[in-house]
Amino acid sequence: MTRTVELLVDDFLAALGERTPAPASGAATALTAAMAAALAELAARFAGDEEAVTRAKALCGRLAGLADEDAAAYAAFMAERSAENRRRIVEIPEELAALADEFAELGEGVAARLTTAVRGDAEAAVELARAAARVARRLAELNA
């Protein structure tokens, strides 16, 4: 299986639209959150906040990894509906939601210090993070 993070955007979008169990909403949500973290990193660079840059970069990497983990976990669950596989398809979106909440706060702090057009990037990061957190929580609820 090709890793989600290695696909070109067009290929990922095509894969999302296929009639297959994965990648699906979990991977899409994780990559949305990863893009939000990257926007937070951009804004933090303009704000001169190296601590926020470092944290946003780490979050971006972890969230991109969660896209692959989610796709693999859901495929495993569809193949074998075991308690362990169900636990994974709940845990992954729960982690995603927690990370998205974390960098929504990070983005808010960075946005408050910006007065340039980059503030829009920080605000976009916050809104995308909040949306990703809401979707991830709902996915965990549905998968439980």
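Some observations on this one:
- FRET efficiency for Arg87 and Ala58, using Cβ-Cβ distance with R0 set to 22 Å, rounded to 0.05: 0.30
- Heavy-atom accessible surface of the stretch 1-123: percent carbon and sulfur, 1.4 Å: 55
- Under a Gaussian network description of the chain, with springs only between Cα atoms under 10 Å, the residue in Leu96, Leu16, Leu128 that fluctuates furthest is Leu16.
- Accessible area in square angstrom per residue, the chain, 1.4 angstrom probe: 53
- Residues of the stretch 23-43 falling in the label zone of Thr116, defined by backbone nitrogen less than 11 Å from a point 7 Å along Cα to beta-carbon, are 43.
- Extension gain, Glu50 back to Ala144 (0.36 nm per residue minus Cα-Cα distance, nm): 30.0 nm
- Calculated FRET efficiency for the pair Arg19/Arg130, C-beta based, R₀ 35 Å, to 0.05: 0.70
The values are calculated or read from the model by the stated rules, or taken from the named source; none is laboratory data. Computed from a prediction, not measured in an experiment: that's the story for all the values here. Here the Cβ is made from the backbone with ideal geometry for all residues, glycine too, and neighbour counts use every protein chain on show. Remember, those area values only see protein heavy atoms, side chains included, never the ligands or the DNA or RNA. Shrake-Rupley method; radii C 1.70, N 1.55, O 1.52, S 1.80 Å.
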